[in-house]
Amino acid sequence: MGARGMGRRGILAALSYMACAVLLVMFNKAALSTYSFPCANVITLLQIICSICLLYTLRYWNWITFENEPLEIILGKEGSTSKRLLVPMRTFKRTLPLSFSYLMYMVIGMASLRGVSVPMYTTLRRTTVLFTMAMEYAIMGQRHSREVICSVGVIVFGAFLAGARDFSFDTAGYSLVVISNVTTAIYLAVIARLGKVTGLNSFGLMWCNSLVCLPILLVWTWLTGELHSATDFPALYEHGFQAVLVLSCILAFIFNYTIFLNTSLNSPLTQTMCGNIKDLGTIFLGWLLFGGLPFDWLNVLGQALGFLGSGFYAYCKLHGK
């Protein structure tokens, strides 16, 4: 973001993302843990199908555009009765890296959520800021001020402090979360890059991303047997489970849009920091609904340091540092 502070649209995008992210984690966790649904990739597949249907409908009725130009200009190019819903093939091909990074981000992220408690999951996810800073520099050449680097250091130290006494240590679960952090950093950096070079807005990027990911994930879930397992799931026809799935799909659509919007308006690192700040709500609801870590002052201190570092970062960005 350079030396500019966050504008009103950037602040609203960040707040919208944080609110939606908390709810989505809760519904995904409910499906995977409370109902013990064994097919995390099927949930991702349903979320992609929902996104395609919603984007198609909204674009068909000209309620949204896929490009950064105003709707009036796009309609003028297409003709008053034209319903051109697809982006140019050349532009579509340029978004392929986004789709592959998204698949890795979603599949690994969903799997990592199953292996650890919600409080510990959010704690480990805070280390994503390190990977995001590295990817911003590698892909975009982005450098950050000393104040921002200091805030990142405080967050990472707090994350390690909070997890120092986790008695439910799971090597496989923790490893998946770390890999998820790497894929998240790559995904956010690619969003920021493509948003500048393709001419597509957040809806356009989501559209291209979903079209590529759908057949890949469909084939993958069929080959792994997850589709068959999902159809045989005992709670499939329970209204409570169906409600969780539907709300998860709708929230995933809004969630992905706010990720694209927040990353494009602000920066990948700001998007990651928003994920850290919203963790207060995630941790509270996770402890309340699903349980997790036993109370420990070291964990509380680590969580407090994480929020302090995130708050300092927000202060720096709001004041253009």
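The values are calculated or read from the model by the stated rules, or taken from the named source; none is laboratory data. Computed from a predicted structure; not experimentally measured. Here the Cβ positions follow ideal geometry from the backbone for every residue, glycine too, while neighbour counts run over all protein chains shown.
Where in region 162-245 are there helices (runs of 4 or more DSSP H), lying wholly inside it, with at least 2 residues that are at pLDDT below 90 and aliphatic (A, V, I, L, M)?
Fully inside region 162-245 and qualifying: 171-197.
Condition first: in contact (Cβ under 8 Å) with a residue 40 or more places away in the chain and under 17 Å from THR34 (Cα atoms). Now tell me which residues in region 212-237 satisfy that.
ALA230, PHE233, ALA235
I'd like the full set of residues that are surrounded by 20 or more Cβ atoms within 10 Å (Cβ to Cβ) and at pLDDT 70 or above, limited to region 282-304.
ASN299, GLY302, GLN303, listed by residue number.
If I ask for residues that are over 17 Å from LEU308 (Cα atoms) and at pLDDT 85 or above, which ones from region 136-161 would you list?
Selection gives nothing.
Would you mention how many residues in region 95-117 are under 16 Å from LEU194 (Cα atoms) and either touching a Leu at 6+ places or on another chain (Cβ under 7 Å) or hydroxyl-bearing (Ser, Thr, Tyr) (or both)?
Qualifying residue count, region 95-117: 5.
Looking only at region 43-63, count how many residues are crowded, with 19+ Cβ neighbours inside 10 Å and more than 17 Å from the chain's Cα centre (by Cα).
Result for region 43-63: 3.
Condition first: touching a helix residue (DSSP H, G or I) at 6+ places or on another chain (Cβ under 7 Å) and either small (Gly, Ala, Ser) or buried (at least 21 other Cβ atoms within 10 Å of the Cβ) (or both). Now tell me which residues in region 135-144 satisfy that.
Scanning region 135-144 gives MET135, GLU136.
Out of the residues in region 224-281 that are farther than 19 Å from CYS20 by Cα and among the β-branched types (Val, Ile, Thr), state the one that is surrounded by the most Cβ atoms within 10 Å (Cβ to Cβ).
THR224
Can you name every one of the helices (runs of 4 or more DSSP H) wholly within region 35-133 that holds 1 or more residues which are modelled with pLDDT of 85 or more and polar (S, T, N, Q)?
40-60, 89-94, 96-115
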